[in-house]
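Beneath this line is the structure, given in structure tokens, with notes to follow.
The values are calculated or read from the model by the stated rules, or taken from the named source; none is laboratory data. Predicted model only: the values in this text are computed from it and were never measured. With ideal geometry, Cβ positions are generated from the backbone for all residues, glycine too; neighbour counts draw on all protein chains shown.
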Amino acid sequence: MTNNKINILISRPEPAGRELQQHLESQGIASHCQPFFDYQAKDTLEQLTNLQHQLAAPIIIFVSVASVEFAEKLMPIAQWPVSDVIAVGSATQQKLKTVNVSASIPEQHDSEGLLALPRLNNINTKDVIIIRGDGGRELIAETLTARGANVHYFESYRRVWRNFPVSVIKSWQQQQINCILVTSNALLEFIVNLVKDSDSYWQDDCIWLVASKRIAKNAEKLGLKRVINADGANKHAISQALSLALF
């Protein structure tokens, strides 16, 4: 498969979706940006300051770029009282760097990789704040709690899902979409539900480019035949996966 034959559907929300689209187009890869949800602010500055007053110098864990963006809007993160800052992946780490915050990341960019960090082994009685969106996996909080940590959530944003008629799939066919980029299990399940009563092409022949092993396993359980794990959600991981696996 060559660059001018692949057409990727980018499902991530704005503005990250458009930024990725521009990056791929600079490499000669055709793509279409189709966000399936939007972000909105959720928890408030008052909730954040109340939490900070309760805890002296907690470990802060950011699970996504959006968690950084919305937290920064409430209060500059560089001013937060912390003992350590950890990002789940490189894109989140880079976003923190743009607001003058240094964060460590795990070698494997997911919850399991984060929990394998040595600094999160001996955390009995330590305070941890997980900055995230509404809902999501509980693995990090449950595991750290089992290790004796006092874990708190701050949900800096929430997802607002868009409504799509099934006819949107016809537009994908007209655009000759043959690869769908998925960066979360929530997105995967939403899109699979959308295409489940359509042509079997989406399950059997379309390439599903996913951001982690966990999403890849779920995709296979959902019956998708052509699944590629980019092992990351940043543009470099996605570009590398395409260059190695497709071209």
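For segment 99-129: of the residues being assigned to a loop (DSSP other than H, G, I, E, B) and among the charged types (D, E, K, R), which is farthest from residue 142 (Cα to Cα)?
Among those that are assigned to a loop (DSSP other than H, G, I, E, B) and among the charged types (D, E, K, R), it is 107.
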Suppose we keep only residues that are closer than 25 Å to residue 147 by Cα and buried (at least 18 other Cβ atoms within 10 Å of the Cβ) within segment 93-107. Which one would you say is farthest from the chain's Cα centre (by Cα)?
103
Could you grab me the full set of residues in segment 7-60 that are without any contact (Cβ under 8 Å) to a residue 60 or more places away in the chain and among the acidic types (Asp, Glu)?
14, 25, 46
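Scan segment 57-69 and tell me whether some residue there is among the charged types (D, E, K, R) and farther than 30 Å from residue 163 by Cβ.
Pass one, segment 57-69, residues among the charged types (D, E, K, R): 69.
Okay, now just the ones that are also farther than 30 Å from residue 163 by Cβ, so none.
No, there is no match, as no residue in segment 57-69 is among the charged types (D, E, K, R) and farther than 30 Å from residue 163 by Cβ.
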Total residues in segment 57-79, condition assigned to a loop (DSSP other than H, G, I, E, B) and either under 19 Å from the mean Cα position of the chain (by Cα) or crowded, with 17+ Cβ neighbours inside 10 Å (or both):
3
(1) in the same structural domain as residue 111 (by TED's automatic domain parsing); (2) within 26 Å of residue 104 (Cβ to Cβ): which one isn't true of residue 16, the others all being true?
(1)
